[in-house]
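To start, the structure under review is shown below, and the notes come after it.
The values are calculated or read from the model by the stated rules, or taken from the named source; none is laboratory data. Given the structure is predicted, the values throughout are model-derived calculations rather than measurements. Heads up, the Cβs are rebuilt from the backbone with ideal geometry, glycines too, and the neighbour counts pull from every protein chain shown. Just the protein is used for accessible areas: all its heavy atoms, side chains included, with ligands, DNA and RNA removed. Shrake-Rupley method; radii C 1.70, N 1.55, O 1.52, S 1.80 Å.
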Amino acid sequence: MASQWHSLVSQKLFLAGTLLRQIERAGEAGADAGTEQALQREAALQGAIELLLRGRRLLLVMIARLYQDKSGQPDTLEALGALIGKESSEVIRLRELEQTTGSWWNHLDQLEMSQDRPPATRKTVSAENIIAISTETGPDRSVSAMLKTLAAIKQFTNELEEQHSEW
């Protein structure tokens with residue numbers, strides 16, 4: 001049963017990777033960055049983020065199934081801990097990832113927060129009010145960072161499935 005959940009998680013991650021590679025190919029093609037292309041890039045990027053977030057949530061359900069909980073649908077790490085125990089090895093590992101800056105879990109947390117908020121309003125720039133160059137704050141939404149996060153969650157999911165299938 002847990003294997004079906006592994007397949008579902010893998011499917012979401014595969015689709016996210018497909019969107020990210022699509023963005024990468026469009027960037028390599030060097031086509032002029034018109035409004036339509038910018039919209040397509042943003043749509044693909046947000047779609048990939050949503051698929052990664054869905055994959056992470058389904059990973060929690062997969063873990064619950066690995067622990068023989070057939071009805072649990074945890075959507076947070078806290079809910080998973082309540083179902084299978086806060087001291088289970090998976091909850092401990094995920095909690096460590098959550099608290100580690102730069103980890104795939106932490107990156108997804110940042111992306112989720114940015115997806116749930118409207119974009120910051122920007123001041124208009126004129127010759128009179130330019131003082132310094134400011135970079136936009138927020139999570140790294142570059143394709144390379146997203147692919148790195150994708151690879152890490154895939155690896156975690158596959159190792160987890162492999163470990164539990166040995167039992």
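When each of the peptides 58-65, 83-90, 34-41 is scored by the mean number of other C-beta atoms lying within 10 Å of its residues, the order from highest to lowest reads 58-65, 83-90, 34-41.
Would you please give the FRET efficiency between Asp69 and Arg41, computed as 1/(1 + (r/R0)^6) with r the Cβ-Cβ distance and R0 = 45 Å, to the nearest 0.05? Efficiency, rounded to the nearest 0.05: 0.70. These residues, Phe14, Phe156, go from largest to smallest accessible area, 1.4 Å probe, as Phe14, Phe156.
Taking K and R as +1 and D and E as -1, what net charge do the other residues with C-beta under 12 Å from the C-beta of Ala16 add up to?
Around Ala16, the surrounding residues sum to +4.
Per-residue Karplus couplings for the range 105-116, computed as 6.51 cos²θ - 1.76 cosθ + 1.60 with θ equal to phi - 60°, are listed in order as 5, 4, 4, 5, 4, 5, 5, 4, 4, 5, 5, 8 Hz, Gly and Pro entered as x.
With K and R counted +1 and D and E -1, the other residues having a Cβ less than 15 Å from that of Asp116 yield a net charge of +1.
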